[in-house]
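Have a look at the structure below, then the notes.
The values are calculated or read from the model by the stated rules, or taken from the named source; none is laboratory data. It should be emphasised that the depicted structure is a prediction, and the values quoted were computed from it without experimental measurement. For neighbour counting, all protein chains shown are included, and Cβ atoms are generated from backbone atoms with ideal geometry for every residue, glycine included. Only protein heavy atoms, including side chains, enter the accessible area calculation; ligands, DNA and RNA are left aside. Shrake-Rupley method; radii C 1.70, N 1.55, O 1.52, S 1.80 Å.
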Amino acid sequence: MAKLIIEDKCVLKGDVKVHSAKNAILPVIAASMLTPYTCVLEEVPYLDDVDIMEEVVKSIGAEVERTNSSLTIKAESINSFEATYELVRKMRASFLIMGPMLARIGKVKISLPGGCAIGTRPIDLHLKGLSLMGANITLGHGYIEAYAEKLRGETIYLDFPSVGATENLMMAGCLAEGTTIIENSAEEPEIVDLASFLSKMGAVIKGAGTDTIRIEGVKELKGTTHTAIPDRIEAGTYMVAAAVTGGDVIVEGVVPEHLKPVTAKLKEMGAEVQEYERAIRVSALGKLNSVDIKTMPYPGFPTDMQSQMMTAMCLAQGTSIATETVFENRFMHINELKLMGANIKVDGRCAIIEGCEKLSGAKVRATDLRAGAALTIAGLCAEGRTEIEDIFHLDRGYIRIEEKLKKLGADIRRVEE
Ligand code: EPZ
């Protein structure tokens with residue numbers, strides 16, 4: 001298994017370019033199952049999660065071709081309607097093929113996505129919406145089987161603005177009979193990007209990015225070409241790393257609007273943040289001030305940035321509070337940060353972080369994707385050597401993070417054990 005070794009603290013300086021958003025590309029790959037025509041995705045990063053999604057669509061019969069950074073997908077003949085346990089357990093987002101499969105061929109058999117480190121991650125809202133649209137859903141032996149002669153448009157209220165449920169139902173609505181209205185829908189930029197991809201295929205969608213999305217079902221969708229939005233979480237990770245190491249970094253290829261909550265909080269901590277058209281510059285001199293964050297669905301502070309922000313809080317002056325409202329178990333990074341000297345207490349959904357003078361390098365373990373990012377940032381600020389194990393979690397959402405950080409001045413390397 002590979003691990004990251006960071007020899008000592010550093011000050012990050014320079015510029016770094018972010019890749020296309022993992023959480024935009026995964027639903028777009030699933031959406032390409034809605035048409036028999038060719039879809040071409042440009043600037044697709046080599047991320048493990050993208051590889052898994054490619055496996056999932058290939059397993060149901062899509063032709064997939066990877067040439068450099070573009071991905072060509074053609075689901076002309078879907079010859080299976082089953083997404084196996086082996087694939088789905090690797091990545092929860094595999095579940096996003098359920099809506100497209102029901103819309104395209106009227107049947108799907110998919111393994112129940114297991115929970116993961118950050119929570120049980122149920123799919124009740126996905127199933128509620130699809131059964132309202134006419135799908136006949138049965139559960140058994142760890143699998144979900146769903147059939148639908150023809151999905152029909154319905155008005156669906158989401159008890160929680162679930163990103164995945166909004167995406168699944170939006171894709172299902174594209175080929176349904178009549179109008180589908182998703183109320184209390186997720187408003188994330190990745191939802192808007194998926195809607196733009198679907199619209200280019202001929203879908204009729206209004207309201208993406210608001211809390212109500214209206215989809216008029218059409219007979220057929222065509223192929224198209226698409227470049228996903230930049231990865232706002234990768235960008236936010238480098239912004240926090242720049243600020244907490246007292247550095248000066250330009251994060252390129254971003255949409256500053258997507259990073260407003262992170263920008264606002266870093267400014268509250270005393271960092272300098274300058275927004276350009278497609279870049280953000282973050283610099284900080286000396287210690288940051290404490291700050292409170294509360295994770296919320298977009299446009300609130302993103303849960304995917306909570307652990308990285310907590311690392312910055314560990315070294316801020318004063319007491320900070322991080323409240324995680326989206327997932328029920330997204331504090332696994334705390335025990336690892338405490339091995340490095342962090343002073344954090346957990347009280348239910350709140351973590352109280354007393355800023356400390358310094359962090360010290362230690363052997364730690366990535367428990368999930370964003371926890372791995374938080375520990376990497378901690379290693380960049382810690383005195384002495386930090387070793388981070390289980391970095392396969394990191395490779396799901398960051399391309400060779402050590403190479404980008406090395407370019408910014410970090411003494412970091414990947415060691416294959
Ligand atoms: C997406 O996951 C992202 N993944 C996650 O990013 C992100 O943390 C999350 O949205 C929230 O922003 C992808 O886009 C591939 P949800 P998703 O459905 O769709 C509850 C990362 O680090 N819920 O919005 O699974 C659920 O339990 C990953 O890149 C239900 O109760 O998130 C959770 O508490 C981690 N019933 C909350 O909603 C449902 O049917 C948010 O889940 C569905 C969800």
Please return the ranges of strands (runs of 3 or more DSSP E) entirely within the range 142-228 where 3 or more residues are more than 15 Å from the ligand (Cβ to nearest atom) and at pLDDT 95 or above. 179-183, 204-206, 212-216, 225-227
Test for Asn68: is it within 16 Å of the ligand (Cβ to nearest atom), open to solvent by 10 Å² or more (accessible area, probe 1.4 Å) and under 30 Å from Tyr238 (Cβ atoms): no
Going residue by residue through the range 208-221, is there one that turns out to be open to solvent by 10 Å² or more (accessible area, probe 1.4 Å) and free of Cβ contacts under 8 Å to residues at least 24 places away in the same chain? yes
Scanning the range 71-107 for residues that are open to solvent by less than 20 Å² (accessible area, probe 1.4 Å), assigned to a loop (DSSP other than H, G, I, E, B) and within 22 Å of Ala135 (Cβ to Cβ), the one farthest from the ligand (Cβ to nearest atom) turns out to be Gly106
Residues satisfying the stated conditions in the range 37-60, i.e. without any contact (Cβ under 8 Å) to a residue 60 or more places away in the chain and surrounded by 16 or more Cβ atoms within 10 Å (Cβ to Cβ): Val50, Ile52, Met53, Glu54, Glu55, Val56, Val57, Ser59, Ile60
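Restricting to helices (runs of 4 or more DSSP H) lying wholly in the range 308-417: which have 2 or more residues that are within 16 Å of the ligand (Cβ to nearest atom) and of a type outside the set (Gly, Ala, Ser)?
In the range 308-417, the matching helices (runs of 4 or more DSSP H) lie at 369-381, 392-395.
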Taking Ala21 and the conditions (1) over 20 Å from the mean Cα position of the chain (by Cα); (2) within 12 Å of the ligand (Cβ to nearest atom), which numbered condition does it fall short on, given that it satisfies the others? (1)
Checking the structure you have, find out if any residue of the range 20-31 is surrounded by 24 or more Cβ atoms within 10 Å (Cβ to Cβ), farther than 14 Å from Ala228 by Cα, touching a helix residue (DSSP H, G or I) at 6+ places or on another chain (Cβ under 6 Å) and touching a residue at least 12 places away in the same chain (Cβ under 8 Å). no
Can we say Ile110 is within 15 Å of the ligand (Cβ to nearest atom), in contact with a strand residue (DSSP E or B) (Cβ under 9 Å, 6 or more places away or on another chain), at pLDDT 95 or above and not in a loop (DSSP other than H, G, I, E, B)? no
Test: Ser185 is of a type outside the set (Asp, Glu), touching a Pro at 6+ places or on another chain (Cβ under 8 Å) and either open to solvent by less than 10 Å² (accessible area, probe 1.4 Å) or within 21 Å of Ile233 (Cα to Cα) (or both): yes
Pull out all pairs, ordered by first then second residue, where Cβ-Cβ is under 8 Å, the residues are six or more apart or on different chains, the first lies in the range 141-162 and is open to solvent by 60 Å² or more (accessible area, probe 1.4 Å), and the second is assigned to a strand (DSSP E or B). Tyr147/Lys107; Tyr147/Asn136; Lys150/Glu177; Arg152/Glu177; Thr155/Thr180; Thr155/Ile181; Thr155/Glu183; Tyr157/Glu183
Look at the range 73-86 and say how many of its residues are over 22 Å from the mean Cα position of the chain (by Cα) and closer than 22 Å to Thr227 by Cα. 3
